[in-house]
Structure formats: C-alpha cells, structure tokens
1. Which numbered condition trips up Tyr253, out of (1) hydroxyl-bearing (Ser, Thr, Tyr); (2) part of a helix (DSSP H, G or I); (3) under 28 Å from Gln113 (Cα atoms)?
2. Within segment 16-35, identify whether any single residue is at pLDDT 70 or above, surrounded by 16 or more Cβ atoms within 10 Å (Cβ to Cβ) and out of contact with any Leu (no Cβ under 7 Å at 6 or more places or on another chain), and answer yes or no.
3. Can you pull out every residue in segment 45-61 that is part of a loop (DSSP other than H, G, I, E, B), under 30 Å from Tyr190 (Cα atoms) and open to solvent by less than 50 Å² (accessible area, probe 1.4 Å)?
4. Name the single residue, out of those in segment 200-235 being modelled with pLDDT of 85 or more and acidic (Asp, Glu), that is least open to solvent (accessible area, probe 1.4 Å).
5. Out of the residues in segment 118-137 that are touching a helix residue (DSSP H, G or I) at 6+ places or on another chain (Cβ under 9 Å) and closer than 13 Å to Ile172 by Cα, state the one that is surrounded by the fewest Cβ atoms within 10 Å (Cβ to Cβ).
6. Against the condition in contact with a His (Cβ under 6 Å, 6 or more places away or on another chain), in a loop (DSSP other than H, G, I, E, B) and modelled with pLDDT under 95, how does Cys91 come out, does it pass?
7. Could you tell me how many of the residues in segment 138-157 are closer than 10 Å to Cys73 by Cβ and open to solvent by 10 Å² or more (accessible area, probe 1.4 Å)?
8. Which of (1) within 13 Å of the chain's Cα centre (by Cα); (2) farther than 22 Å from Gln39 by Cβ does Glu173 not meet, given it meets every other one?
Amino acid sequence: MPTDTKRVRGPEVSQSPTLFLCKHAAVLPSHGPRADGRQRDQVDVRPVFVRCGLVSQAKGSAYIEAGNTKLMCCVYGPREMERKDETDMKCGKLTTDMRFAPFSCLERGSWIQGSQDKDLSLMLHESLQPAVCLHKYPRSQIEVNVMVLENSGSVLAHAVTCASLALADAGIEMYDLVLGCSIRQNGASYVVDPSYMEENSCSSVSSENQGGLTVAFLPSLNQISGLQSDGEMTEETLTAGVRTCIEGCYKLYPVIQQALTKAVRRAAPPPAES
C-alpha cells in the first residue's frame, strides 16, 4: 500500500520534552582560585600565542590563541571603492565583519550572521577606527574579517588585538596598535580575561556590581579607543575595572611587539652576500 507523503509521520519513539530544556548556567564560587589555576582580583591573563602572515591570499593576517580561545583575522585592501560620493573623496572607509564558526561554541551555530555577530562587528569597528589613518587612503576601502574558531571567553577583546595585528601586518598606517582586555565583575571580586564558563555563570552572591567590561586601548598613546560594558556596576567599580583592563593590555604589549618583529624579519629579503 503506498504511503501518504503529505502526512507528517511522528517519531516511533517519543522523548520527554525536559530533555530539550536549556541548561541553567553553572554557579561558580566567588572566592579561591579559578578553574584554570589563575588567581582572582589580579591581572592574571591567559598565555597568548600570536602569529602573523599565515594567509597568503590576504594583504595581512594574524592568528591569536589565548587558552582555548582561537581567532583568525584577514585584512584586504586598500582597494578602490565602488560607490564614490563627496565624503569618500577625503578619507577611506574601514569595514569590519566578525563571525563565529559553526563549531566554535558548545551549541552548533550557522554561517548566517546573527545579531550577536553584527553587534560584535560594530564594537570592533568602533575600537579600530580611531587607530587607523584613514585620511591616508582616500577613496579606498579596507576590509577586516575576523573568524572565531573556538569561543572560550573574551572573544571581543582578543578580536580587537588580532585585527590590530592583521592591519599592521598588511602595512596599513596606524597611529598605534590596539589591544583589548576584558574583566568580569562578580560582586566585590573580579576576574581578568574570563573564560566562557565565567562569562555565562550565575552569581552566587548579591546582584550588586554584576557585569562585564571590555576595553580597547592604544598603549603608546595611552588612550582608550573603545569601551563596552554590560550589567550593573557602580562608578567606582567601573573606573577600577578600566584601570585593570589597561594594566592587562600593557601585559600583552611585549608579546604583540615580538610577534610583529618576527613577521617583519620573515618578510625581509635576505642580506646580500658580499
């Protein structure tokens, strides 16, 4: 007997709807050492591995790995803009695109850019634009593409650092490098460079001073190019958090300088034999 293809056939074995409920965020302790051995209330960032010039098809590229957080950034341009108007004649245009790979998070995503990707792309653009000399590239467009390969926390801060490295590797004129650092405030305690579990954990203390903070910093100029915060924090806590993030950026600065120096030495032609 032929089957009715228009009828939706249910599963042969039914399952309880409770299996598909979202799991509640884990409650992490607010005192003692962190899960990865780092200390609380200290500028204790994860070890960072950085490499430039990995993608030959791009003008500049960079790869950064902080713990289990892994990002790749490619820079294309400067190229001539298709749409020309009066404002584009005087300075260039910087475009940013930040996406998560489908396998980057615990729950598999899609290649279509969602609302979170668009928000992070906008924050990345606001952090990088003050550092790029766009007036040196009139009627030109510079494209920055960031791909999150694995999300283990603090992706925006590391995306800012990775994109700044890729821009420098591409030879784009900049006022200074841009470094990112983030903290997570949990009452009177805070953690620097939080992991994915620490960013999405529930608070085990009072609801006061709960939130996250990400700072984009220009270390040579001693200026902040971008700041993003969420949650509720007092003015004193927010000010102390900004100072902590700046200190964390200064800790990353020698590593970034060393990575750029190695990239320049690899790209430099060998010395001529006498």
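The values are calculated or read from the model by the stated rules, or taken from the named source; none is laboratory data. Quick caveat: nothing in here was measured; it's all calculated off a predicted structure. Cβ: placed from backbone, ideal geometry, glycine included. Neighbour counts: every protein chain shown. All accessible areas refer to the heavy atoms of the entire protein, side chains included, with ligands and DNA or RNA removed. Shrake-Rupley method; radii C 1.70, N 1.55, O 1.52, S 1.80 Å.
1. If we test Tyr253 against (1) hydroxyl-bearing (Ser, Thr, Tyr); (2) part of a helix (DSSP H, G or I); (3) under 28 Å from Gln113 (Cα atoms), just (3) comes out false.
2. yes
3. Those that are part of a loop (DSSP other than H, G, I, E, B), under 30 Å from Tyr190 (Cα atoms) and open to solvent by less than 50 Å² (accessible area, probe 1.4 Å): Val45, Arg46.
4. Top of the filtered list is Asp230.
5. The residue in question is Val132.
6. yes
7. Of the residues in that region, 2 qualify.
8. In the conditions (1) within 13 Å of the chain's Cα centre (by Cα); (2) farther than 22 Å from Gln39 by Cβ, Glu173 misses (1) alone.
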